[in-house]
Amino acid sequence: MVEGKYRISPVLKAGAAPDVGRWLPALAVSDLFSTPAALSHKPSLAEPLAARMRPRTLAEVAGQQHILAPGKLLRRAIESDRFTSLIFYGPPGTGKTTLASVIARTTGSRFESINGVESNVAEIRAKIDQARTWRDLRGETTILFIDEIHRFNKAQQDVLLPHIERGIVRFIGATTHNPYFHVNSPLVSRSQIFQLEPVPVEDVIGVLERALADEESGLGGMKIEVEPEALRHLAEKSDGDVRKALTALELAALTTPPGEDGAVRLTLGIAEESIQRKAVVYDADGDAHYDTISAFIKSIRGSDPDAALYWLAKMLHAGEDPRFISRRLVIAASEDIGLADSGALRIALDAHHALEFVGMPEGRIPLAHATVYLATAPKSNSAYAALGSAMADVENGRTLAVPPHLRTATRKKLAAASGASEESMRYLYAHDFEGAYVPQAYLPEGRIYYRPGDQGLEKRIKERLDFWRSQAAT
């Protein structure tokens, strides 16, 4: 018999009792009365430090107090064992997998884990069959944890749905991508979604200190002296990633020769070598991509050139497509600066064309030029807002017929044939009048959409338009 496969059930004779062991999954027979692996596992010193120091209780989880502090919804749901399906998303190293295993331990559930990159429908079904066996014969709940759930295609995700609804498994998914965009909506609608944030520096320092003191799972068996500045450097440069900080600490401790007294001394210089450089957390199609460009545009809109340049630098350093940035600058030039300084649009377009012409890395120079110009320019969104009002009228069914005097010559003939008066069809050519302006109705009802601001050059537009509108009113 192959481990984990089903045995072929013999035909039962009338009145004979079934031999349960001959038709249940093989592992159900061997494991039904053993302790689940997730709850009995003890760390081995052969494992990396980050794995050995994985929290086992909610109290040991670093950071995430916005969802795990006493009284918070997720903590109440875990402690009362009243949850069905959960999805955790956030940057790497923030504890998504750890939190799932802690939940299993806290609730006394079996813990089964698969990865969205390596798994397939057959493995999902096998895990669900095992979970059903545990539920039916022992009354135990199974938590099925799927890491990188966004890697599953629609068919793979859909396999889970009926089994989640029937309570055969409690699903916990983890992803670095926003689940509202990268996970099927039926699965999202059945799950509570919680976003994990990068772990604060002080909490990372606490984890490192605990690892240095822990003699059973950590580095407490070694004689290590660490400069406070070195520990803080590791915490800061890990960028909220606890796993990265622990890995750097372990590397420093194991590669630094001990002194004459047998103590390993970790200085700031050693810490800098161990963690090398701060990796920019930035995914080309995920939250960091959208959040960073959002911060960039909002800094320009808020007239803060320093912040705008920082977010620009972060995107360029992380490998963002510079043409994506230049296109957003063109949009911002019209949306946020607009008629207050129409030259901003020209500057943004020039930067875009210059980038295409010279390429990178020199292309970042016109990008910086346009960024500072837009951030320091006067601001107006009046044209954009006016279009929004007009679009709302059209979308709400306020459709107006073109007045007869504004129609084409052919259409005017049709109007005349229908009895329209010659006066109603008389169009006044603006250039025939002084100042190239003559009061004339161009929109029925005289609806006003554009309301100019008083910033920059738009102040002059406002004065001119106020005069025209006053003439039309008389």
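Nothing in this text is a laboratory measurement; each read-out follows from the coordinates by a stated rule. Worth saying up front: this structure is predicted, and the values here are computed from it rather than measured. As a convention, Cβ positions derive from the backbone with ideal geometry for all residues, glycine included, and neighbour counts pool all protein chains shown.
Things to note:
- Cα centroid of region 94-167 to Cα centroid of region 287-304, whole Å: 37 Å
- Local net charge near Ala69, Cβ-Cβ under 11 Å (Lys/Arg +1, Asp/Glu -1): +3
- Ranked list, fewest to most other Cβ atoms within 10 Å of each Cβ, for Lys237, Lys223: Lys223, Lys237
- Each Lys or Arg adds one and each Asp or Glu takes one away; over the other residues whose Cβ falls under 13 Å from the Cβ of Ala351, this sums to +2.
- Listed cross-link partners Lys223/Lys244; Lys127/Lys244; Lys72/Lys127; Lys237/Lys314 are compared with a 26 Å cut-off, the Cα-Cα value being larger for Lys127/Lys244; Lys72/Lys127.
- Taken one residue at a time, the phi angles of region 93-103 give Karplus couplings (6.51, -1.76, 1.60, θ = phi - 60°) of x, 8, x, 5, 5, 4, 4, 5, 5, 5, 4 Hz. Gly and Pro are set to x.
- Exposure proxy ranking for Leu86, Leu345, based on other Cβ atoms within 10 angstrom of each Cβ and starting from the fewest, stands as Leu345, Leu86.
- Taking the number of Cβ atoms within 10 Å of each Cβ as an exposure proxy, the fewest-first ranking of Val183, Val117 is Val117, Val183.
- Whole-Hz ³J(HN,Hα) from phi, Karplus 6.51 cos²θ - 1.76 cosθ + 1.60, for region 252-266, glycine and proline x: 5, 5, 7, 9, 8, x, x, x, 4, 8, x, 8, 8, 10, 9
- Sites His66 and Asp291 - FRET efficiency at Förster radius 22 Å, r taken between beta-carbons, to 0.05: 0.85
- Amide proton proximity set for Ile193, modelled H, under 5 Å, gap of 5+: Ile87
- Computing FRET efficiency as 1/(1 + (r/R0)^6) for Asp466 and Glu202, where r is the C-beta to C-beta distance and R0 is 45 Å, gives about 0.20.
- Coupling constants for region 70-83 follow from the phi torsions by the Karplus curve (6.51 cos²θ - 1.76 cosθ + 1.60, θ = phi - 60°), and in residue order they are x, x, 6, 4, 5, 5, 4, 5, 5, 5, 8, 6, 10, 9 Hz; glycine and proline get x.
- For Pro444, net neighbour charge (Lys/Arg +1, Asp/Glu -1) across residues whose Cβ lies under 15 Å away: +1
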